[in-house]
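Novice: Take a look at this one; I'll ask things after.
We did not get these values from a lab; they are worked out from the coordinates using the rules stated. Model, not experiment: these values are computed from the prediction. Virtual Cβ from ideal backbone geometry, glycine too; neighbours counted across all protein chains shown.
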Amino acid sequence: MKIFQQGVRLSARNRGFHLITGEILRALPSISEIKAGMCQVFIQHTSASLTINENADPTVRMDFETYFNKTVPENDPDYRHDYEGSDDMPAHLKASLLGSSIMIPIQNGQLALGTWQGIYLCEHRDYGGPRNIVITAWGI
């Protein structure tokens, strides 16, 4: 069994859904040494999240942003946690809905993503800043 782990600091991005598959692969080239295994990507933040979805048409990512903004609106008068800005509590809720980690199988030294699948960083804050992720891969 081989185990590899690498922390990565992603540059600050605007609010929205951003493809980071290439950054993940560049950060952990040792995935190529694993014939069969798993890769976990974990984000160390409570106002951003990770998911896997379509990597081809950028309007999918735009529609994700539209959907989540409608589903979890800002400026809800019932939110008590509001001292960090009107986007903060909605960001926490969106991050909880999507999750802080993803798992991807590794086959023959490559992430076994589908043809149109990519890894998204879901930035839910207007000014979230750099984001830290931890990538762990293990297998034979």
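Novice: Can you work out D for the chain in µm² s⁻¹ from Stokes-Einstein, where Rh is the Kirkwood radius over C-alpha pairs, the temperature is 10 °C and the viscosity is 1.306 mPa s?
Specialist: On the way: Rh = 15.7 Å.
Translational diffusion coefficient: 101 µm²/s.
Novice: Counting only the backbone N, which residues of the stretch 112-140 are under 11 Å from the spot 7 Å out from the Cα of Q44 toward its beta-carbon?
Specialist: Of the residues in the stretch 112-140, 131-135 have backbone N under 11 Å from the label point off Q44.
Novice: Counting other C-beta atoms within 10 Å, and keeping those with at most 12, which DSSP coil chymotrypsin sites (Phe, Trp or Tyr not before Pro) do you find in the stretch 50-123? Don't skip to the answer; put the middle values down first.
Specialist: On the way: sites: F64, Y67, F68, Y79, Y83, W116, Y120; in loops: Y79, Y83, W116.
Sparse-neighbourhood loop chymotrypsin sites (Phe, Trp or Tyr not before Pro): Y83, W116.
Novice: What are the aspartates and glutamates whose alpha-carbon lies under 19 Å from the alpha-carbon of K70, with same-chain residues fewer than 8 places away excluded?
Specialist: Output for K70: D78, D82, D87, D88, E123, D126.
Novice: Let me ask something else. What is the extension gain from E74 to R9, computed as 0.36 nm multiplied by their sequence separation minus the C-alpha to C-alpha distance, in nm to one decimal? Write out the running numbers ahead of the final one.
Specialist: On the way: separation 65, 0.36 × 65 = 23.40 nm, distance 2.74 nm.
Answer, rounded to one decimal: 20.7 nm.
Novice: So which trypsin sites (Lys or Arg not before Pro) in the stretch 38-140 pass both tests, a DSSP loop state and at most 12 other Cβ atoms within 10 Å of the Cβ? Let's see the in-between values first.
Specialist: Values: sites: R61, K70, R80, K94, R125, R131; in loops: R80, R125.
Answer in residue order: R80.
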